[in-house]
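*Asks:* For reference, the structure I am asking about is given below.
Values in this text are rule-based calculations from the coordinates and carry no lab data. A quick note: this is a predicted structure, and the numbers were derived from the prediction, not measured. Virtual Cβ from ideal backbone geometry, glycine too; neighbours counted across all protein chains shown.
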């Protein structure tokens, strides 16, 4: 019996499941969780979804989004005998509140760095999104994929591939999305909600941030800055800077792009790499973490000092690895 | 015999074809033309591709792009007995130089406004891109789709759907792209070339343009401005403002977005609509044209006067059509 079948058996056996998704929930975590909850309900079971943070406003079109409960607000969690954690590489990303949850724990994820923290670990690094694994699970379960589920799963795959623009996009991702559109997902509706629901303040903040564009290493490194003053002037918050780092990254010749954002206590640095530099290592050396191509760290330093510390480090690393590309 | 078969017969019969694509060539025009030329060459035939303008730098990764000749530079055109115009709704978009070309003229396009200007008109408004029609043509022709062709056709569909974000994206578009990736196209490579090859000047210009963000009609209309001074300060040209109008469009609540760009003789206005307003009508009333959702016009007015003329017109139109949505 393969792992899918084992998990389906557990799902069939339990009266209900408590589903957890990671902090700062994204389209993949939300889309996967909402679909799994709908599947359980279709089988006459209960399902609860918990997250540490609120659902971002641009995901509030997903069918059932209002069912996602905030651990911070609830201050308690109702545990069914089966607990499923989705799209979460380690327990630190999950809001269990008090260590390991009771009951059987299923870990479904696509991050290669997943620490196999569950009793059952369905981890498939080849999947572009956890949503692809949920799609396969529903198929093997023999459940009908409703238009609502299709919208959720399409959003999961569409957003985790950056709209089919990141290097994790495979021909399977496109085939899944083709099938999900056939099942009722609307590419335009999803794209409009996710990428065309910005606030005017965010656009103004982007303008101010782009005015700070700086480059080093003969154009190999580019960065922009978001200060607290800019956020105040535009009435924006940290969530409005999401994807800003992709703008310096979109310049030709840039290998590493950085976003420096002032926080209450210092600076949050976001790193993006086009392939030559493993930015996870740089971020880790500064107390942060992430993936080879996308990482971040927090620094308790004034903005100028953080830039002076990070940029030379990136320049040095780039100088060492101009000949090879990680896969 | 269906139209595809008739055209294949013509392609098989001729010793070569002269292929024309529209001014300001985009990914669909280029990808379709390069693929058709490769197909003809695979059948032992000659093929020439002509365009009025140069290939934009971010499309210079397409296999064979350097074969695209500029009519403006050549100042003459070599006509084979068969002439194929691609992705061009009317003859005004094509650089034939002196009226109708000699020989049989084939018109392959997906624009619903196509004027059927050819002897044979393969016009399919249901296709998201002309590239989809070329894909079907190759299949019916029984030709092998090489990895180079797959890259060209993937780029055609990917760019004409705005990276699967526009309302023309269908489940068929996703299925074609899935198949093209199987045949050798790389989604990441295409996306990186098309959307991550910008100049630093373009990013600076975007910052300056976003600083001009203005709104009217209670947030239903948003516009940004690009002056000649901004372009001089950032060392950029008109081609660097492509897609800028999508930034005001990406604000929630905005129904019509505008870009006002200063030209030598006045202002070029770009219009985008999310669905309620038919901007082609507004642009046409100002001497321009386009589609319901994307249109433009040139105005021989100072920038401030152009804004004062256009914005109230858009506001009025929006006020009249807040209840219905065009399909």
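*Asks:* Between residue B:146 and the same site in the other copies, what are the distances in nm, shortest first, taking label points 7 Å from Cα along the C-beta direction?
*Replies:* Output for residue B:146: 5.0 nm, nearest copy listed first.
*Asks:* Taking just the C-alpha trace of region A:3-195, give me its Rg and Dmax in Å.
*Replies:* According to the Cα coordinates of region A:3-195, Rg and Dmax are 15.1, 42 Å.
*Asks:* Moving to a separate point now. Extending each Cα 7 Å along its Cβ direction at residue B:113 and residue B:216, get the distance between those two points in nm, one decimal.
*Replies:* If labels sit at residue B:113 and residue B:216, their model points lie 2.3 nm apart.
*Asks:* Pick from B:159, B:227, B:18: which is most flexible by mean-square fluctuation in a GNM of chain B where alpha carbon atoms under 10 Å apart are linked?
*Replies:* Checking each option, the largest mean-square fluctuation is seen for B:227.
*Asks:* Let me ask another. Using Cβ contacts closer than 10 Å as the measure, can you line up A:1, A:299 from fewest to most?
*Replies:* The fewest-first ordering by Cβ neighbours comes to A:1, A:299.
*Asks:* Going out from 0 in 5 Å bins, what whole percent of all Cα-Cα distances in region B:201-320 drops into each bin?
*Replies:* Reading the bins upward from 0: 2, 13, 24, 26, 20, 11, 4, 0, 0.
*Asks:* Specify the residue with the greatest mean-square fluctuation among B:46, B:262, B:316, computed from a Gaussian network of chain B linking alpha-carbon atoms under 10 Å apart.
*Replies:* B:316
*Asks:* Next question, about the same structure. GNM on chain B, C-alpha springs below 10 Å: top fluctuator among B:307, B:108, B:133?
*Replies:* Comparing B:307, B:108, B:133 in a Gaussian network model of chain B, the most mobile one is B:307.
*Asks:* Let me ask something additional. Once you keep just the Cα pairs under 8 angstrom separated by 6 or more residues, what percentage relative contact order results for region A:3-195?
*Replies:* 23 percent
*Asks:* For region B:1-111, what ratio Rg/Rh do Cα atoms give with a Kirkwood hydrodynamic radius? Provide the component values of the computation, followed by the final result.
*Replies:* Numbers: Rg = 13.1 Å, Rh = 14.0 Å.
Ratio of gyration radius to Kirkwood radius for region B:1-111: 0.93.
*Asks:* What are the distances, in nm and sorted shortest first, from the label point of residue B:275 to the label points of the same position in each other copy, with each label point placed 7 Å from Cα along the Cα-to-Cβ direction?
*Replies:* Ordered by distance, the counterparts are at 3.7 nm.
*Asks:* Within 10 Å of each Cβ in A:187-198, how many Cβ atoms from other chains are there, averaged over the peptide?
*Replies:* 6
*Asks:* Any idea what the relative contact order of chain B is, in percent, if you count C-alpha pairs under 8 Å spaced at least 6 apart?
*Replies:* Taking the mean separation of contacting Cα pairs over the length of chain B, I get 12 percent.
*Asks:* Percent of Cα-Cα pairs more than 29 Å apart in chain A, please.
*Replies:* 41 percent
*Asks:* Out of the DSSP beta bridges found with both residues in chain A, what percent are antiparallel (nearest 5)? Write out the running numbers ahead of the final one.
*Replies:* Working: 18 of 46 bridges.
Here the antiparallel bridges make up roughly 40 percent for chain A.
*Asks:* Give me the one-decimal nm value for the distance between modelled label points at residue A:23 and residue B:75, 7 Å along each residue's Cα-to-Cβ direction.
*Replies:* Placing both labels 7 Å beyond Cα along the Cβ direction yields 6.8 nm.
*Asks:* While we're on this one: Treating each Cα of region B:227-283 as an identical point scatterer and ignoring solvent, apply the Debye formula and state log10 I(q)/I(0) at q = 0.17, 0.20, 0.27 Å⁻¹.
*Replies:* -0.61, -0.78, -1.10
*Asks:* Between residue B:319 and residue A:61, what is the label-to-label distance in nm when each label sits 7 Å out along the Cα-to-Cβ direction?
*Replies:* In this crude label model, residue B:319 to residue A:61 measures out at 2.8 nm.
*Asks:* So in the protein assembly as shown, what percent of DSSP beta bridges are antiparallel if you round to the nearest 5?
*Replies:* So the antiparallel bridges amount to about 40 percent of the total.
*Asks:* Among DSSP beta bridges lying fully in region A:56-186, give the percent that are antiparallel, nearest 5. Please list the in-between numbers first.
*Replies:* On the way: 0 of 9 bridges.
DSSP beta bridges in region A:56-186 are roughly 0 percent antiparallel.
*Asks:* Starting from a label point 7 Å past Cα on the Cβ side, list the distances from residue B:232 to the same position in the other copies, nm, shortest first.
*Replies:* Nearest to farthest, the other copies are at 3.6 nm.
*Asks:* While we're looking at this one, here's another question. Given an 8 Å cut-off on Cα distances and at least 6 residues of separation, report the relative contact order of region B:164-301 as a percent.
*Replies:* 15 percent.
*Asks:* Viscosity 1.306 mPa s, temperature 10 °C: Stokes-Einstein D of the protein assembly as shown from its Kirkwood Cα radius, in µm² per second? Don't skip to the answer; put the middle values down first.
*Replies:* On the way: Rh = 26.6 Å.
Translational diffusion coefficient: 60 µm²/s.
*Asks:* Quick check on region B:116-190: take the gyration tensor over C-alpha atoms, sort the square-rooted eigenvalues as a ≥ b ≥ c, and tell me if it's rounded (a/c under 1.5), prolate or oblate.
*Replies:* oblate
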